[in-house]
């Protein structure tokens with residue numbers, strides 16, 4: 001059965017203009033009415049009714065009766081379908097509990113009511129497009145549609161990638177699609193699906209682009225008009241708000257979990273420190289050896305507490321964009337030697353022998369305190385998971401870079417967890433019984449990246465782990 005386009009063709013140019021003015025205002029009003037708090041609460045009470053009033057005046061002004069009657073059955077049907085679509089969106093989208101479910105719900109919402117085929121992309125971890133949902137009115141064609149999604153996602157400078165970067169939408173009529181069929185790799189799919197019109201709609205919240213929705217009209221459906229694009233942009237905006245709400249909820253949940261774990265980890269060293277100091281006071285008349293031992297334990301606990309506090313400070317600066325590197329000519333080999341001596345007690349307490357290989361290295365323009373944190377976090381990680389085994393710390397120059405390596409012979413990291421451990425609050429499965437909030441390696445990677453460097457991990461379960469930090473040096477110091 002032939003489905004009609006969203007925008008019924010009015011009998012005259014004036015009636016089309018009137019309808020074009022009324023319908024986007026109606027869609028905007030419906031979208032605003034379905035907004036969740038706090039977005040809806042921020043609107044003046046008379047804003048939405050005013051939109052509907054302006055739309056009505058536009059339709060009924062001047063030659064209003066004649067214009068309104070030029071398409072007596074089209075306008076109610078048009079508004080009716082828009083109301084149904086936005087009502088369904090307002091009912092379905094807010095109830096979705098995860099971004100993955102939202103993607104599938106949005107695709108199924110658009111097909112077949114607003115499109116014959118639909119694709120949804122979001123930014124991947126490296127910013128490139130990632131296809132997360134697809135739907136086709138003909139279920140047998142969905143595997144081919146997924147092939148098209150993979151092709152579009154693989155084009156790092158393609159239309160989807162550009163839409164994710166710029167937030168600019170596009171509408172392709174039949175003529176533009178014929179050119180795409182001749183000139184682009186995706187042309188074979190467009191021909192096979194008989195696509196005659198297409199909308200590329202970014203999902204934006206403020207300046208942030210959260211995804212790209214692609215709607216395709218097939219042979220039986222009329223081409224999308226500018227009004228269709230306006231309506232679907234409103235729907236994409238509604239979906240973007242829902243997606244952003246899910247992201248904020250997830251971040252809030254992670255923050256709450258982090259606060260709980262961090263409070264526990266902050267409390268442990270503080271409590272231990274208080275007990276140590278209490279014992280020292282009770283042993284005021286004891287031998288100097290016991291006093292020194294107690295002081296050493298107290299210092300170790302305060303060092304652990306200080307490291308966590310520094311990580312929290314770095315994290316807050318990274319999140320707020322306030323991290324500022326204080327660069328100076330720095331001999332990393334000399335810094336490593338100093339830090340090895342500073343951590344000798346920690347290595348001994350962990351039963352590790354710390355060996356340093358720090359040959360001559362060329363100074364580079366680096367932030368001393370931030371690289372101290374990098375080395376400290378990597379050493380603490382090695383002492384924790386390589387307890388009782390040797391740890392090797394090395395620095396050397398190589399091809400215009402300075403390499404810092406920390407190697408242990410501890411429990412190791414499974415291959416599938418080796419990239420995840422650099423995430424915020426992430427920990428390897430083997431580390432679940434160890435103290436910590438999963439910030440150390442995240443902070444390390446962020447500080448290394450801030451210096452223009454990279455960090456990689458090489459590990460096998462049961463055979464130890466080696467972290468390699470690669471810091472570039474400018475040509476003048478190479």
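What follows draws every value from the coordinates through simple rules; no lab data is involved. What you see is a predicted model; the values in this text were computed from it and never measured. Quick reminder, even Gly has a Cβ in these numbers, built from the backbone with ideal geometry, and neighbours come from all protein chains shown.
Shape class of the range 317-474 from the Cα gyration tensor (axes a ≥ b ≥ c, square roots of the eigenvalues): oblate, since a/c reaches 1.5 or more and a/b does not exceed b/c. Cβ-Cβ distance of residue 146 and residue 81, R₀ of 35 Å, FRET efficiency by 1/(1 + (r/R0)^6): the value works out to about 0.80.
From least to most packed, judged by other beta carbons within 10 angstrom and beginning with the fewest, 156, 191 follow the order 156, 191. Taking the inverse of the mean 1/r over every pair of distinct Cα atoms in the range 97-248 gives a Kirkwood hydrodynamic radius of 15.2 Å.
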